[in-house]
Each structure stands twice: as structure tokens, then as C-alpha cells.
Amino acid sequence: MTQQPTRVAHTPLHVRGEVLSSKRIGAYRHLTLVAPGMAERHRPGTFVAVSVGHTRPRAHLARRSYWVHRVRPTGSHGATLEVVVEPTGTGGTWLAGLDQGDPIEVTGPLGRPFALPKEPVTCLLVGEGYAAAPLFPLAERLRERGCTVTMLLAAPDEAHLLGTLDARRTARAVTVVTGDGSVGAKGTVAEVAPEVVAKSGADVVYATGSHEGLHAVAAAAEAQGAWSQTGVAVDQPCGTGLCFGCTIPVVGEAGSPRHVRACVEGPVFRGDRVRWTDLRTEPR
Amino acid sequence: MTATAPEVAIAGLALASPVLVAAGCGGTGRELAALDGLTGVGGFVTRTITLDPREGHPGRRVHETDAGFVHATGLANPGLHQFLATELPWLAAADVRTVVSVAASSLGEYADLARRLGDSPGVDGLELDLATPDGPALGLFDTREPFQAARAVAAVRRDLPRGTALLAKVGHDPLRVVETARAVAEAGADAVVLGNALPALLPDGRPGGLSGPAVRPVALRTVAEVHAALPGLPLVGAGGAAGADHVRAFLAAGATAVQIGAALLHDPTCAARAAADLRGET
Ligand SMILES: Cc1cc2nc3c(=O)[nH]c(=O)nc-3n(C[C@H](O)[C@H](O)[C@H](O)COP(=O)(O)O)c2cc1C
């Protein structure tokens with residue numbers, strides 16, 4: 001009725017799913033979700049929005065958005081998707097406490113994915129903490145296209161570092177920095193971005209993490225003449241484009257300043273399109 | 001669409017269901033449709049459109065509280081011209097009644113909006129947003145006094161084709177709501193929407209509005225009061241409705257139709273499901 005045929009495969013779904021497993025890895029909980037039809041539609045950089053709470057009507061009305069970390073086929077449940085949950089805040093604590101078999105209401109995949117290069121170019125992937133989650137399926141896609149992939153992973157400490165083992169399997173070179181120096185060099189993405197981006201010789205830099213880190217990566221990429229694709233996370237009341245509540249300050253088509261919805265026009269933006277200083281100073 | 005529906009009509013505008021999507025809570029319509037959120041609903045009300053584009057408030061605009069959402073979008077919208085070019089065509093082609101919510105900074109602008117939207121194919125009705133919290137601070141024509149709200153309605157009525165329904169959305173102000181509803185009805189509104197957010201404060205101290213569950217008992221009260229005072233006037237209730245039971249409560253209080261807003265942010269399918277439930281499909 002209202003859908004364009006060519007877009008059907010990427011339209012999101014709203015489903016009652018189920019927790020297939022919940023595993024603690026470092027400071028995070030990795031939740032594998034059965035959400036019929038959703039995993040098949042996933043492209044790296046998209047996310048899912050979940051409802052918090054079992055009882056209805058629910059006390060918590062805002063949805064909580066999570067990057068899709070992994071999509072896996074299973075024999076009995078179709079494809080599943082995995083999200084990485086930091087057990088903090090109302091939503092994170094609730095999700096992290098879910099057990100196998102618990103129901104969960106989930107909408108997705110949502111948002112615009114990372115743009116993939118047509119040529120087999122050199123790519124640097126930069127991720128901070130749990131926000132590195134979508135970089136792993138991205139790395140696989142890039143390698144399938146013959147791209148050279150290097151990674152920079154960062155976190156405050158070892159427990160909050162995501163996927164360093166996986167990274168060594170997928171990427172040609174991996175740099176790790178932690179705030180306390182417990183793994184790799186001591187430092188933050190914002191501090192090491194200029195050097196790592198320059199050394200990588202990347203044509204495209206993909207990054208997810210803090211706004212400060214993304215700002216530094218986008219600036220370093222621009223200085224280097226590289227493209228950047230940044231996954232910008234802000235709190236999203238609905239995640240589905242309905243409320244115009246999660247806006248990001250960008251440079252519009254005609255060079256004019258604009259605010260656009262992070263959930264439908266993002267979460268992935270070209271780094272040179274985001275007005276980073278405004279993003280970091282607007283009330284959040 | 002199966003027509004076991006309790007079809008309703010507002011000013012000759014037949015609606016497939018008494019359940020409508022409230023202004024500002026359904027994106028551009030496309031996002032809801034992609035999730036089957038528009039299926040079988042009686043109508044879609046756009047976010048409020050102004051003549052000129054408005055950038056809206058910077059930063060975070062919607063906050064969760066334990067009583068509902070506190071929000072202040074600053075009337076972010078692309079302006080009439082862009083709306084007509086990029087959003088209305090899709091709505092006109094979609095299988096849903098379209099009501100365009102509008103607000104203006106002067107009576108002349110109201111008349112302009114009426115002429116241009118009244119001439120546009122696919123516009124089934126206009127909803128005048130007369131009760132946006134802090135409208136005057138946003139530069140809108142001040143409609144807090146009932147006679148001023150009536151002037152805005154009259155300005156639109158004069159220039160709106162008869163076939164286009166005119167809805168006037170007034171706030172839940174318990175002291176003035178009957179007087180305001182009477183004034184806008186006499187000025188030519190076909191129906192009165194009792195809705196919008198209650199004035200509230202954002203956590204960062206900026207002014208905004210409260211929507212969601214906490215508003216429902218208040219909204220039911222204003223619907224009941226206006227219905228008692230003006231029994232012949234079609235009323236559309238809005239405030240905290242999330243499902244078919246809430247819709248039934250509004251209908252029982254005297255509403256002809258009910259808008260669902262904030263609840264869609266939580267569950268984009270809830271209006272479609274409420275409409276299906278009322279048709280006896282669940
Ligand atoms: C995020 C958000 C944006 C809104 N934007 C508008 C708007 O542009 N125009 C308007 O008339 N009402 C707007 N409203 C008010 C709703 O249309 C509705 O009247 C009100 O929220 C009460 O109903 P509810 O509790 O079901 O949301 C908005 C509400 C929310 C939550």
C-alpha cells in the first residue's frame with residue numbers, strides 16, 4: 001500500500017522477540033536476540049530500538065537504541081542479532097538483567113548504514129567502548145570488497161574494550177589505547193586520532209564512539225584528505241523518526257546550518273557534514 | 001479496508017476509524033507506514049507546519065519522565081513550500097486521511113495557509129494548532145484569549161474550501177476550555193480538538209510541554225466538560241491514549257474521535273492496533 005517496492009527489504013520491523021542468550025564479556029552484557037525477520041535486513045551501522053520493562057503499560061516510555069553487533073544464522077530460530085549492553089542507566093540495567101527466554105519488544109533495523117566504498121580502498125575503523133560494536137560486521141563487508149582494514153579500538157580500561165580478539169582476526173593491524181594504559185598505549189581516541197589516521201594512509205575512516213572522539217577523527221580525516229563516516233549516538237526518544245527529538249546539527253545541502261534526525265538521517269553521517277562544536281555544546 | 005468499522009465523520013469527512021495519529025508524533029507519515037503503523041487508522045495529522053521553515057530548538061528536545069514525555073521541538077518544520085513539495089505528495093498517495101496541522105504568526109498568514117493548503121490535492125482537513133505551549137514566545141499569533149483563537153479560526157474559514165474540514169486544537173486549560181471551544185465553533189470550526197501538551201519544564205530549565213499518561217485524566221475531563229456544555233459539537237480527544245480501552249474511554253466521555261500521540265514514540269504500532277481492536281479484529 002504505502003511502501004516503495006525497492007525499499008521493502010530495508011524497511012524496519014516492530015516485533016515481540018526473545019532473548020536467546022545473555023553473556024557477560026568484560027564490563028558488558030552481550031545479548032543475542034531472536035527477532036523474526038530483523039537480522040536478515042541488517043546492514044552495518046544500523047541499530048535497533050528496544051522497549052524497557054515487562055509490565056504494560058510501561059513506566060519507561062522512551063526507547064533505548066543499540067548498535068547491531070553481529071548477525072548470525074541459527075538452525076532453529078532463523079537469524080539472530082547481537083547487541084552489546086553496558087549495564088548502566090535504567091534501560092541498560094534492565095536489559096542486562098534479562099534472562100534467556102525473556103520477551104523483548106524490538107524495532108529495527110533502523111537508520112542509515114555505513115556507506116561502503118565501490119573500490120577496494122584502504123579503511124581505518126575507529127571504535128570506542130561498546131560503540132565499536134557495529135564496526136565488526138562492517139569490517140567483514142569491507143574485506144569482502146577487497147578493502148584493506150586497520151582498526152583503532154579504545155576504552156577507559158580493559159573491561160570496556162570491545163572485541164580486540166575479533167579485531168586481530170579481521171583487521172590487518174590493530175591499535176589499542178586505554179585511558180588507564182591497562183591494554184595498549186595510554187590515551188584516548190581524541191588524543192591519538194591525528195597520528196593514527198595519518199599513519200593508516202586510509203582513504204576512508206569509519207568511526208563510532210564519543211562525540212569528542214568522532215570530532216577528532218573527522219578533523220584528522222579531513223586534514224588527511226580522507227572521507228569519514230561517523231556513527232553518531234544521541235539519546236533517541238523513539239528511534240523511529242516519529243518525534244524529531246534526536247536532532248544533530250549538520251551542514252545542509254546548500255551549506256546552510258540545519259538540524260536533522262539522528263535516527264533516520266543518521267546514525268551514520270559524513271564526518272564533514274556534522275557541526276561537531278555545536279553538537280558538543282547544545283543542551284543534551 | 002474492512003468496514004465493520006465504527007465509521008465516524010467530522011464535517012462530512014468520513015473516517016475509517018475514530019483513531020487518529022496526533023500532530024508531531026508520526027514523523028512525516030512514511031516512518032509510521034514502514035512499520036505498518038498507519039494501517040486502518042482514521043487519519044494522520046502532520047506535525048505543525050508554518051509558512052516559513054523553522055529550525056526548531058537545538059539539542060535534546062524530548063525527555064522521558066515518570067509521568068510521560070516533556071518536550072519542546074520549537075515547531076521544527078520545513079515550511080509550507082517544502083512540505084507541499086516533499087511530504088504532502090506521499091501522504092496524498094497513501095491510503096490515509098491527511099489533516100495538516102498549521103500555526104501562523106499573523107491572521108494574514110493563517111489566511112494564506114488556508115488558501116494554499118485548501119487548494120492542494122490530498123489535504124482532507126486543517127488542524128489549527130492554537131494551544132502550543134509557549135506559542136507567543138515562538139512568535140505565533142497569540143491565541144490564549146478565546147476571542148483571539150476565534151479570529152484565527154475565522155481567518156482560515158473564510159479562505160478554506162467548504163470540502164476541507166477545519167479542526168481547531170485548543171488546550172486543556174480547565175478554566176477556559178468551554179469558552180474557547182464555543183468561540184472557535186462559532187467562528188467556523190467543524191470540530192474541536194481538545195489536546196496538546198500541558199505546559200511543563202524541561203530538565204534543563206527550558207519551557208516545554210508534558211504529553212503521555214499523566215495527561216489522560218485531564219484530557220478526559222475537558223472532553224466531558226465541553227461535551228456537556230456543547231453536546232452538538234464534534235470533539236476530538238487527545239492526551240495519553242495508548243490503546244483501544246483508552247480510546248473507548250474518550251468516546252464514552254463524548255469524543256467523536258481520538259488522537260494518539262506520545263504512545264507512538266513507545267510503540268509505533270499502537271494506533272493501528274487500537275484501530276484494529278475497535279473494529280473487533282483482535
Ligand atoms: C514529541 C511531540 C511533538 C508534538 N508536536 C506537536 C505539534 O507539532 N503540533 C501539535 O499541535 N501538537 C504536537 N504535540 C502534541 C500532541 O499532538 C498531542 O496533542 C499531545 O501530546 C497529547 O496527546 P498524547 O498524550 O497522546 O501525546 C506533540 C507531542 C509530542 C509528544
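The values are calculated or read from the model by the stated rules, or taken from the named source; none is laboratory data. Bear in mind that the values here come from a model prediction, so they are computed numbers and not experimental data. For neighbour counting, all protein chains shown are included, and Cβ atoms are generated from backbone atoms with ideal geometry for every residue, glycine included. SASA here: full protein model, heavy atoms, side chains in, ligands and nucleic acids out. Shrake-Rupley method; radii C 1.70, N 1.55, O 1.52, S 1.80 Å.
If B:Val193 satisfies all but one of (1) within 12 Å of the ligand (Cβ to nearest atom); (2) hydrophobic (A, V, I, L, M, F, W, C); (3) outside any strand (DSSP E or B); (4) out of contact with any Phe, Trp or Tyr (no Cβ under 9 Å at 6 or more places or on another chain), what's the number of the condition it fails?
Unmet for B:Val193, out of (1) within 12 Å of the ligand (Cβ to nearest atom); (2) hydrophobic (A, V, I, L, M, F, W, C); (3) outside any strand (DSSP E or B); (4) out of contact with any Phe, Trp or Tyr (no Cβ under 9 Å at 6 or more places or on another chain): (3).
What residue, among those in the stretch A:215-248 that are within 14 Å of chain B (Cβ to nearest Cβ) and part of a strand (DSSP E or B), is surrounded by the most Cβ atoms within 10 Å (Cβ to Cβ)?
A:Thr247
So that you can scan it fast, the table gives a plain yes or no per residue for (1) at positive phi; (2) more than 10 Å from every other protein chain (Cβ to nearest Cβ); (3) crowded, with 24+ Cβ neighbours inside 10 Å; (4) modelled with pLDDT of 95 or more:
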{"site": "B:Ala5", "(1), (2), (3), (4)": "no, yes, no, no"}
{"site": "B:Ala9", "(1), (2), (3), (4)": "no, yes, no, no"}
{"site": "B:Leu13", "(1), (2), (3), (4)": "no, yes, no, no"}
{"site": "B:Ser17", "(1), (2), (3), (4)": "no, yes, yes, yes"}
{"site": "B:Ala23", "(1), (2), (3), (4)": "no, yes, yes, yes"}
{"site": "B:Leu32", "(1), (2), (3), (4)": "no, no, yes, yes"}
{"site": "B:Gly40", "(1), (2), (3), (4)": "yes, yes, no, yes"}
{"site": "B:Arg60", "(1), (2), (3), (4)": "no, no, no, no"}
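Given the stretch A:120-214, what strands (runs of 3 or more DSSP E) lie entirely inside it while holding 2 or more residues that are open to solvent by 20 Å² or more (accessible area, probe 1.4 Å) and out of contact with any Cys (no Cβ under 6 Å at 6 or more places or on another chain)?
Filter on the stretch A:120-214 gives A:122-128, A:148-155, A:173-178.
Out of all the residues in the stretch B:168-188, is one or more closer than 30 Å to A:Thr107 by Cα, within 16 Å of the ligand (Cβ to nearest atom) and crowded, with 18+ Cβ neighbours inside 10 Å?
No - not one qualifying residue is present in the stretch B:168-188.
Residues are listed down the side, and each one gets a yes or a no for (1) more than 13 Å from the chain's Cα centre (by Cα); (2) within 16 Å of the ligand (Cβ to nearest atom); (3) over 16 Å from B:Gly43 (Cα atoms):
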{"site": "B:Leu117", "(1), (2), (3)": "yes, yes, yes"}
{"site": "B:Ala131", "(1), (2), (3)": "no, yes, yes"}
{"site": "B:Ala150", "(1), (2), (3)": "yes, no, yes"}
{"site": "B:Pro161", "(1), (2), (3)": "yes, no, yes"}
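Whether any residue in the stretch B:198-212 is crowded, with 20+ Cβ neighbours inside 10 Å, under 30 Å from A:Pro283 (Cα atoms), of a type in the set (S, T, N, Q) and in contact (Cβ under 8 Å) with a residue 24 or more places away in the chain is what I want to check.
yes
Considering only residues that are open to solvent by 20 Å² or more (accessible area, probe 1.4 Å) and over 30 Å from B:Gly261 (Cβ atoms), which ones fall in the stretch A:50-78?
The answer is A:Arg70, A:Val71, A:Arg72, A:Pro73, A:Thr74, A:Gly75, A:Ser76, A:His77, A:Gly78.
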